[in-house]
Amino acid sequence: MLRRGVTHGEVQAILKIGPDARLQDTLVTAYTNKAFADAVLAALPQGVFRPRLVDGRPVTTIAAVTVRFEVQGLLVIERFASDDVEFRPGVLAYQPCDPTRLDQPLQTMFAPSPGYPRELRDQAVQGRVELEYYVDESGRVRVPIVTQAGNDTLASLSLAAVERWRFVPPCSQGRPVLVRVRQTFLFQPAAES
């Protein structure tokens, strides 16, 4: 790359680390040069990861990382999934497409409802769950996270449903693209008549 005058670059990725400390999924969300993204993807399986602890127990962890390559070496920066990832349009060769730039709005092929268990309805449990996820170039949902929820059970139901969703592959200008999505579910018991 140095011979071609490339002296620095950047890759942004989201990692899903299981409670067993194994890397379950990696999604490259942006890069300045594909060769840098390929290098990161090749190196990650050799990495050592530690999931977050909640009440002393390891839990599935989503981590946003930025790897910067420089002539002097490389620098890895970890961000938490809820942090906004800084994108610099015009500098990055690859990044998520803005949903407004899609050739057609996202279209689901398979989207089971999160369900609203009778037990929760009978108890009048209600709430709002907000999720964020990516739809990759093949239409798969990748690295979904709960960004806001008033009830853990409703959040788990929503997350489990969205992980199964499939979309028609998103395209912009006829080319498959990665899209970042925000989704809200409202759970309310039906009004009695």
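Couple of notes before you dig in:
- Look at (1) assigned to a loop (DSSP other than H, G, I, E, B); (2) under 25 Å from residue 107 (Cβ atoms) and you find that residue 125 fails only one, number (2).
- A count restricted to the stretch 164-193 and to residues that are of a type in the set (D, E, K, R) and part of a strand (DSSP E or B) stands at 4.
- Residues that are farther than 18 Å from residue 110 by Cβ, surrounded by fewer than 19 Cβ atoms within 10 Å (Cβ to Cβ), in contact with a strand residue (DSSP E or B) (Cβ under 7 Å, 6 or more places away or on another chain) and hydrophobic (A, V, I, L, M, F, W, C), drawn from the stretch 150-177: none
- For the stretch 12-25, the candidate set comprises residues that are assigned to a strand (DSSP E or B) and among the aliphatic types (A, V, I, L, M); within that set, the residue that is surrounded by the fewest Cβ atoms within 10 Å (Cβ to Cβ) is 23.
- Residue match in the stretch 132-155 (condition: in a loop (DSSP other than H, G, I, E, B) and farther than 27 Å from residue 18 by Cα): no
- Neighbours by Cβ (under 7 Å, 6+ apart or cross-chain): first from the stretch 66-77, closer than 12 Å to residue 36 by Cβ; second at pLDDT below 55 and hydrophobic (A, V, I, L, M, F, W, C): 67/74; 68/74; 68/75
One line per residue, one yes/no per condition, for (1) within 22 Å of residue 141 (Cβ to Cβ); (2) outside any helix (DSSP H, G or I); (3) of a type in the set (A, V, I, L, M); (4) modelled with pLDDT under 95:
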| position | (1), (2), (3), (4) |
| --- | --- |
| 3 | no, no, no, yes |
| 6 | no, yes, yes, yes |
| 27 | yes, yes, yes, no |
| 35 | no, no, yes, yes |
| 45 | no, no, no, yes |
| 50 | no, yes, no, yes |
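- Beta carbons closer than 8 Å, at least 6 apart along the sequence or on distinct chains, never pair a first residue in the stretch 26-41 that is under 15 Å from residue 7 (Cα atoms) with a second that is assigned to a helix (DSSP H, G or I) and of a type in the set (Asp, Glu).
The values are calculated or read from the model by the stated rules, or taken from the named source; none is laboratory data. It should be emphasised that the depicted structure is a prediction, and the values quoted were computed from it without experimental measurement. Backbone-built Cβ (ideal geometry, glycine too); neighbour counts: all protein chains shown.
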